[in-house]
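Before any comments, here is the structure.
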Amino acid sequence: MLHVENLTKLYAPGESGGGIRDLSFDVAGGEFYTLLGPSGCGKTTTLRSVAGLEEPSFGRMTIADHVIFDAANGIFVPANQRRLGMVFQSYAVWPHMSVFDNTAFPLRMLRGKRWGDAEIRRLAMRTLETVGLAEFAPRSAAQLSGGQQQRLALARALVAEPSLLLLDEPLSNLDALLREQMRSELRRLQKEVGVTAVYVTHDQSEALALSDRIAIMHNGRIKQIGTPHQIYHQPCNAFVATFIGRSNLLRGKLLERNNGQVRIATALGPVLCQAPNDAGGPPPAAALIRPEHVVLAAAGQGNPANNRFHGRVCQMSFLGEATEYVVQIGNVEILVRGMTGQYDGPEDVELYLPPEKTLAIAADEI
Amino acid sequence: MTMAVARGGGRSSTASYYPQVIVLIVLFCVGVIPPFVFLAYSSLHELDPSGAFGAFTLGHFAAIFASRSFSSVIVNSAVYSLGSALLALVIGAAQAWLAERTDAALRQVLYVSSIVSLGIPYVLYIVAWILFLGKAGPVNAALQHMFGGTEPYISVYSLGGMIFVEGLLWSPLAFLLLSPVFRNSDASFEEAASICGAGLLSTLRYVTLGMARPALLALGLLVFIKASESFEVPALVGLPGSTRVLTSTIYQRLTLDMPPDVGSASAFGVLLLVVMAILLQIYGRVVAQTHRYQTVTGKGFRPRVIRLGRWRYAAGALIITIPFIVVVIPLATILWAALLPYYQAFSIKAVPLLGFGNFVQVLNSPSFRGAIVNSLVLGAAVATLVTVLSAVAGWCVARRVAGARLLDGLAALPLVFPAIVLGLAFLEIFVHAGSRLYGSLLSLVVVSMVAYMPYGLRYAQLGVIQIHPELEEAAAIAGARQARTFIRVVLPLLIPALISCWLFVFLLAVRAVSLMLLLAGPDSQVVAVTLFDFWNNGQVGELAALGCVWTAIMTVFCIAFLVVARRYQLPIG
């Protein structure tokens, strides 16, 4: 559906100059595809390049096999001829128009197709109904609440049945409760309409909940592309591992490889890990384990074996459904998600990092 | 738009009582109430030949409504104000959009030209256009050359000429007031239109102009009001061609008619006040409407520049043309006139006559130097006094202390006075109250303070609103008393607003002609009035030379004003 090849836009020379470098990715038809990354990682620049609001320096982009940008051949289709839908971070709902006029605007602007007023009315009202704003049609858009403006922006983006819907942090201006609600509604609408969506966010929980696939970006480059499950459970580098979810990252040195398992020398001592990504690329040099996978036992209870360490609970925070413990082992602090009431003071404990849940990854720069 | 009647900002504090509010209210009453009383009184009374008030009469009003010229005066006023507003709006909006929203070539030129034009005295500007478009001007000469004949093709002394000059006069301010409107509008509104398939012109028409409509309406109304109360263009361009509007009629009754008819002039003044009060009321409502379109702004707010593509150079040409008309032509005309011993249209033959004789004469004459010094002293005194009063009054109004609304209302009252009417009202006060102030520089200071207090107050009030009340509350918690908090916390934060307030009032005070015209005496000649007298005496060369010198001095002040205003992101004007 959307095909992006070596897309590059530089604002200033050098790695720290911002912009995007050499991005390539494909979005399949009907897919909900998310660009996720911290602020300044280039995700919005990427989206705006797809929209035609920015002109990249190099690369090539096609939508359904139509070339919309090709630096080598000097092709740049302007935004108003790409026929996309876009929801802006600020919604950009025009306050001087009614809800209906906002929605009907893309239909009135369509080239080549001249619709009668009745047809425009029918299509716009149908879309307003889909987002639940039909009764507000004659109202001024300035009178809508934040959540309603968001729906209107979505209606405007969808009304002309674009092949591609672009969403630029559309939920970031809503308060927490509304955000959850809009999140599931957005997902429902996208599947219902069947539109391909490219979604930009810095909020990992949003990305995990909504996406079919996620591209994690950092410093203008894509760090990993995968399903939410892959991204969480098999991060291929330290940036992705620490950006998504809570994690314990133990940097060290590769000691030995053995049947898809590796042993890494860390500050705790040698740690045995899985190494599913250990093919080509830099050798793994860090061990990663999520707090919920660490096993806690009272001191002296576990059998001495691989990946067992003695430590002391030095801090705990009650999270409601669970408690998070900080266990100190020498100079290293390990986060452990455990049951509430398991420990309630500084106690000596034994930690077990199950090798099948411990991942060896590349220890790239962060 | 400091004329905004909006009252806003800050939590309303508990009604607390401040002695300084009482002092300010008394002070404002003394300045503001007498002009109304004297104007109304003299419009309703006969005037004895001795100059004292006689019997009560409605005759002045009756005569006005009965006169045949009255309806033409009203129609002229309306057409003149409307035409000027439209012209200023079109030129100003085009410039603001090009400069703020597009990548048009050379757009920086617009700021420079607007700044320079703010420093040109009205009289000088108007005279330049009269010379340029007049019978002996280059435009008529060129038209005669092209189409033959010896009759002038265009007459500047007409309603069209008045609209043209007044519209141009206001276009730089329209530009400066509209550019923040375009600058601060979030680019995503236009980007959204682009995504929806709208091209450049559709986006401009449906989105950019649609969203700016309340601001455009407010500005149009502001120029309409300013044109209605303007005096210089009606007097210099209108009167020679007998195109009379309300303000020039007042002037005519007072100075050109023999004997002067103070009663009739006052009655006209009262009518004009009523018109102004209604217009200002409407204006207040329209300004309140401009805030209706405020919406959510994303964190990624960025005013983006629209790529004009192949239109870029066409826009560049327009950008060169507008300042050429607004600034270069009048200044060149004035410079030409200043260098000639007696005025004649531009020609190669006249070049050998050029010289600095007029400059030498103007700079050597003690009376002209006196006028320059008087103007500067007047401007500085008025600006300083208004700024000091505004700082205290502005705080009281912004923090809504007890009595603040009364204070605000009183200070805003002089806005309904067109300058010529305020001058007339104070003339009557000085004459009848037998004051020794009449004709002194001090009298001009007092009158100017009353006239410009509303602007100063609005500046200071906006400045205070930007200071969060918690900053003062923190000082109070830390143990500081009211006065100390004001001096140590509020004033330092208010300084940028006050500097720009000072400069703005200064520029207004030295530019004004109509306010001073009826009041300036031999000891209190100021530059603006001197220029006006020069023109009436036909001393074009001296006028132009003095004007050039004065424009140079004022340009420095204008630049200072804009630098301060831009630096601290204050609303201009």
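The values are calculated or read from the model by the stated rules, or taken from the named source; none is laboratory data. Keep in mind that what you see is a predicted model, and the values were worked out from it rather than measured. Cβ atoms come from the backbone with ideal geometry, glycine included; neighbour counts cover every protein chain shown.
Worth pointing out:
- Some residue of region A:273-291 being modelled with pLDDT of 90 or more and out of contact with any Ser or Thr (no Cβ under 7 Å at 6 or more places or on another chain): yes
- Residue in region B:425-463 that is modelled with the highest pLDDT, counting only those that are surrounded by fewer than 24 Cβ atoms within 10 Å (Cβ to Cβ) and closer than 15 Å to B:A497 by Cβ: B:Y455
- Matching residues in region B:368-388 - criterion: being within 16 Å of B:F28 (Cα to Cα) and in contact with a helix residue (DSSP H, G or I) (Cβ under 7 Å, 6 or more places away or on another chain): B:V382, B:L385, B:V386, B:T387
- Top-ranked residue of region B:174-210 - restricted to ones that are outside any helix (DSSP H, G or I) and among the hydrophobic types (A, V, I, L, M, F, W, C), ranked as farthest from B:G92 (Cα to Cα): B:C196
- Among the candidates A:Q234, A:Q204, residue that is among the polar types (S, T, N, Q) and under 19 Å from A:T46 (Cα atoms): A:Q204
- Of all residues in region A:151-169 being more than 9 Å from every other protein chain (Cβ to nearest Cβ) and in a helix (DSSP H, G or I), the one that is surrounded by the fewest Cβ atoms within 10 Å (Cβ to Cβ): A:L158
- Some residue of region A:173-184 being within 21 Å of A:L133 (Cβ to Cβ) and touching a residue at least 60 places away in the same chain (Cβ under 8 Å): yes
- Within region A:31-52, the set of residues being modelled with pLDDT under 90, surrounded by fewer than 20 Cβ atoms within 10 Å (Cβ to Cβ) and within 28 Å of A:L189 (Cβ to Cβ) comprises just one member, A:S39.
- Residue within region B:65-77 that is loosely packed, with under 14 Cβ neighbours inside 10 Å, in contact with a strand residue (DSSP E or B) (Cβ under 9 Å, 6 or more places away or on another chain) and not assigned by TED's automatic domain parsing to the domain that holds B:P172 present: no
- Selection count, region A:88-130, where residues are under 24 Å from B:L209 (Cβ atoms), hydroxyl-bearing (S, T, Y) and either buried (at least 21 other Cβ atoms within 10 Å of the Cβ) or at the interface with chain B (Cβ under 7 Å from one of its Cβ atoms) (or both): 3
- The single residue among A:H229, A:H233 that is within 25 Å of the chain's Cα centre (by Cα) and at pLDDT 90 or above turns out to be A:H229.
- Candidates B:V245, B:V287: the one that is modelled with pLDDT of 90 or more, under 24 Å from the mean Cα position of the chain (by Cα) and not hydroxyl-bearing (S, T, Y) is B:V245.
Okay, residues lined up against (1) more than 30 Å from B:N184 (Cβ to Cβ); (2) under 24 Å from the mean Cα position of the chain (by Cα); (3) at pLDDT 80 or above:
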{"position": "B:L491", "(1), (2), (3)": "no, no, yes"}
{"position": "B:A528", "(1), (2), (3)": "yes, yes, yes"}
{"position": "B:W535", "(1), (2), (3)": "yes, yes, yes"}
{"position": "B:V556", "(1), (2), (3)": "no, yes, yes"}
{"position": "B:P571", "(1), (2), (3)": "no, yes, no"}
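- Among the residues of region A:44-55, those that are more than 7 Å from chain B (Cβ to nearest Cβ) and of a type in the set (G, A, S) comprise A:S49, A:G52.
- Within region B:189-202, the only residue that satisfies the criterion of being buried (at least 20 other Cβ atoms within 10 Å of the Cβ) and either more than 8 Å from chain A (Cβ to nearest Cβ) or modelled with pLDDT under 85 (or both) is B:E190.
- Filter pass, B:A509 being at pLDDT 85 or above, within 29 Å of B:L424 (Cα to Cα), crowded, with 21+ Cβ neighbours inside 10 Å and touching a Pro at 6+ places or on another chain (Cβ under 6 Å): no
- Residues in region A:56-87 that are assigned to a loop (DSSP other than H, G, I, E, B), within 14 Å of chain B (Cβ to nearest Cβ) and either crowded, with 16+ Cβ neighbours inside 10 Å or touching a residue at least 40 places away in the same chain (Cβ under 8 Å) (or both): 4 in all.
- Yes/no for B:S71 being at pLDDT below 85, part of a helix (DSSP H, G or I) and over 30 Å from B:F189 (Cα atoms): no
- Candidate set from region B:96-127 (those that are crowded, with 22+ Cβ neighbours inside 10 Å and not in a helix (DSSP H, G or I)); member that is modelled with the lowest pLDDT: B:A104
- Entry remark, region A:338-355: residues being in contact (Cβ under 8 Å) with a residue 60 or more places away in the chain and either touching a His at 6+ places or on another chain (Cβ under 9 Å) or farther than 27 Å from A:A238 by Cα (or both) number 2 in total.
- Residues of region A:131-150 classified as of a type outside the set (D, E, K, R), more than 14 Å from every other protein chain (Cβ to nearest Cβ) and on the phi < 0 side of the Ramachandran plot, total: 6
- Any hit, region B:156-164, residues being farther than 25 Å from B:C548 by Cα, part of a loop (DSSP other than H, G, I, E, B) and modelled with pLDDT of 85 or more: yes
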